[in-house]
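First comes the structure, then the notes that go with it.
Just so it is clear, none of the values below were taken in a lab; they were calculated from the coordinates. Being a predicted model, the structure only gives us computed values, none of them experimental. Every residue, glycine as well, gets a Cβ built from its backbone with ideal geometry; the counts of neighbours run over all protein chains shown.
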Amino acid sequence: MNKKFWKFYRQVFKLPSMLRVELCSLCNLECSDCYMRKKSSGQIVGNGYLKFEDFKKLLDKNPYIEMIEVSMGGEIFLNPDFIKIIEYAHKKDVKLTAFNGVNFNKVSDEIIEALVKYQFAGITFSIDGTSNETYSIYRKNGNYDNVISNIKKLNEYKKKYNSKYPILRWQFIMFDYTKHQYFEACDIASSLGFADIYYKMPWSKKEYTVEDHKLLTQVYSKRIPVYDSDVFNLLRKNSIPLCLHPWLSPQVNWDGRLLGCCCAVHRDLGVNVFKVGLQRALRAPRMKKMRQILLGKIPSDNYIECHNCDFYKTMKANNDYIKNPSFV
Ligand SMILES: C[S@@+](CC[C@H](N)C(=O)[O-])C[C@H]1O[C@@H](n2cnc3c(N)ncnc32)[C@H](O)[C@@H]1O
Ligand code: SF4
Ligand code: SF4
């Protein structure tokens with residue numbers, strides 16, 4: 001069957017072309033605010049990694065899936081099946097991305113080469129600083145020089161294979177103690193061939209100050225624009241708003257439990273994709289309920305993650321719910 005057929009199939013059965021499947025929830029760092037290292041959320045998602053056999057079955061049984069985001073709450077490179085998984089996705093022409101983030105501290109040469117060889121599509125590197133002193137304040141057990149040296153190795157393989165993939169994004173969390181390094185990060189990103197750099201507010205901060213805004217405007221004016229249309233399309237496809245995930249790119253935990261969206265780390269939806277199959281799981285009662293809640297058709301309840309989520313609270317307060325999510 002060709003792509004046209006599977007697109008038609010997806011439209012008829014209202015299925016997504018994209019999924020999110022956590023490759024590994026384990027991590028080698030101890031960032032102090034990371035929800036995964038906290039008992040309240042980390043325990044629900046659990047500590048583990050996606051097995052190759054589960055991944056293979058998922059792709060074999062769902063040939064209409066074109067793209068999978070594989071990073072969520074851990075470090076994907078700690079998955080011992082990593083190379084087998086990305087090799088199989090490449091064989092099946094399924095694009096993989098890790099735009100949620102990687103820390104890239106501990107990665108073998110084999111994995112770095114495989115990322116290029118098997119055309120892993122895109123990666124966001126979480127690098128909050130431009131020196132080891134600042135970087136390791138938040139990224140506990142991490143080492144800035146290791147990260148940069150691993151990125152240089154990745155670039156060498158990209159040159160060797162004459163490949164533009166994986167495309168590289170830099171995510172810089174704006175801690176106050178790194179203000180003096182925001183600009184330098186732009187220059188380093190450009191010299192290392194990053195397609196994009198963006199600055200993110202830390203979870204500990206509720207809103208930007210006027211001073212933050214001023215600084216951001218200046219920094220963004222220096223940012224390299226994305227000219228390459230493949231890169232631009234990849235970034236656009238991947239930037240699905242969170243509350244559309246339950247329709248357009250549902251989140252699956254590493255052990256197959258359906259979570260719905262990538263923020264759902266306190267509750268699962270009571271069904272396992274690896275046990276009942278993806279299409280049946282997407283029709284499960286709690287998944288339906290989550291969608292109905294987001295459409296504003298029924299009130300939320302404590303079984304569904306949205307109930308305590310700030311995004312849902314804002315929708316509810318403004319009576320502005322999701323409208324007509326279309327499948328693509
Ligand atoms: C839990 S991490 C998992 C992925 C990977 N280990 C990483 O750190 O990029 C998911 C995302 O949360 C981001 N993150 C971690 N701590 C944060 C904080 N205090 N404020 C905002 N984002 C944070 C990470 O940079 C990453 O983009
Ligand atoms: S590197 Fe990512 S997953 Fe690991 S502790 Fe830090 S934020 Fe959490
Ligand atoms: S309201 Fe929150 S939990 Fe629900 S889909 Fe949106 S981001 Fe996810």
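The charge dipole of the stretch 19-117, taken about the Cα centre with unit charges on the Cβ atoms of Lys, Arg (+1) and Asp, Glu (-1), comes to about 280 debye, rounded to the nearest 20. Of all DSSP bridge pairs formed entirely within the stretch 18-239, close to 5 percent run antiparallel. With θ taken as phi - 60° and the Karplus curve 6.51 cos²θ - 1.76 cosθ + 1.60 applied, the whole-hertz 3J(HN,Hα) list for the stretch 49-56 is 9, 6, 8, 4, 4, 5, 5, 4 Hz, x standing for glycine and proline. Evaluating 6.51 cos²θ - 1.76 cosθ + 1.60 at θ = phi - 60° for every residue in the stretch 271-281, the Karplus couplings come out as 8, 10, 4, 6, 8, 9, x, 5, 5, 5, 4 Hz, glycine and proline recorded as x.
What does the charge count around Val271 come to, taking other residues whose C-beta lies under 10 Å from its C-beta (Lys +1, Arg +1, Asp -1, Glu -1)? Walk me through the numbers on the way to the answer.
Details: positive: Arg257, Lys275, Arg280, Arg283, Arg286; negative: Asp268.
After counting each charged neighbour, the total is +4.
Amide H contacts under 5 Å for Glu69: Leu19, Arg20, Val21, Thr97, restricted to partners 5 or more places along the chain or on a different chain, H placed in the peptide plane at 1.01 Å from N. Evaluating 6.51 cos²θ - 1.76 cosθ + 1.60 at θ = phi - 60° for every residue in the stretch 128-135, the Karplus couplings come out as 9, x, 10, 8, 5, 4, 7, 4 Hz, glycine and proline recorded as x.
I need the calculated FRET efficiency for the pair Lys152 and Asn28, taking r as the beta carbon distance and R₀ as 22 Å, to the nearest 0.05. All intermediate terms of the calculation are to be shown ahead of the outcome.
Details: r = 20 Å, r/R0 = 0.90.
Efficiency for this residue pair is about 0.65.
Between Asn47, Asn105, Asn308, the GNM of the chain built on Cα springs shorter than 10 angstrom shows Asn308 fluctuating the most. Is the stretch 195-251 rounded, prolate or oblate when judged by the Cα gyration tensor, a ≥ b ≥ c being the square roots of its eigenvalues, rounded requiring a/c under 1.5 and prolate requiring a/b larger than b/c? Here the stretch 195-251 falls in the oblate category. Multiplying the residue separation of Arg37 and Lys205 by 0.36 nm and subtracting their alpha-carbon distance yields 58.6 nm. Summing charges over neighbours of Asn302, with a neighbour being any other residue whose Cβ is under 15 Å away from its Cβ, gives +2 when K and R count +1 and D and E count -1. GNM on the chain, alpha-carbon springs under 10 angstrom: the most fluctuating residue among Cys263, Cys24, Cys309 is Cys309. The spacing between the stretch 128-175 and the stretch 217-264, judged by their C-alpha centroids, is 20 Å. Based on DSSP H runs of at least 4 residues, each adding -39500 (n - 2.57), what is the mean residue ellipticity at 222 nm of the chain after dividing by all its residues, to the nearest 500 deg cm²/dmol? The helix-only estimate for the chain comes to -11500 deg cm²/dmol at 222 nm. Anyone know which of Trp247, Trp203, Trp170 comes out most mobile in the 10 Å Cα GNM of the chain? Greatest mean-square fluctuation among the candidates belongs to Trp203.
Lacking any other cysteine beta-carbon closer than 4.7 Å, the following Cys residues of the chain have no compatible partner: Cys24, Cys27, Cys186, Cys243, Cys261, Cys262, Cys263, Cys306, Cys309.
Please tell me which of these pairs span more than 30 angstrom C-alpha to C-alpha: Lys7/Lys164; Lys205/Lys237; Lys14/Lys51; Lys91/Lys164; Lys200/Lys275? In this structure, Lys200/Lys275 exceed 30 Å between Cα atoms. The local environment of Val116, defined by Cβ-Cβ distances under 15 Å, has a net charge of +3 under the rule Lys, Arg +1 and Asp, Glu -1. Placing pseudo-labels 7 Å out from each Cα toward the beta carbon at Leu295 and Lys92 gives an inter-label distance of 2.9 nm.
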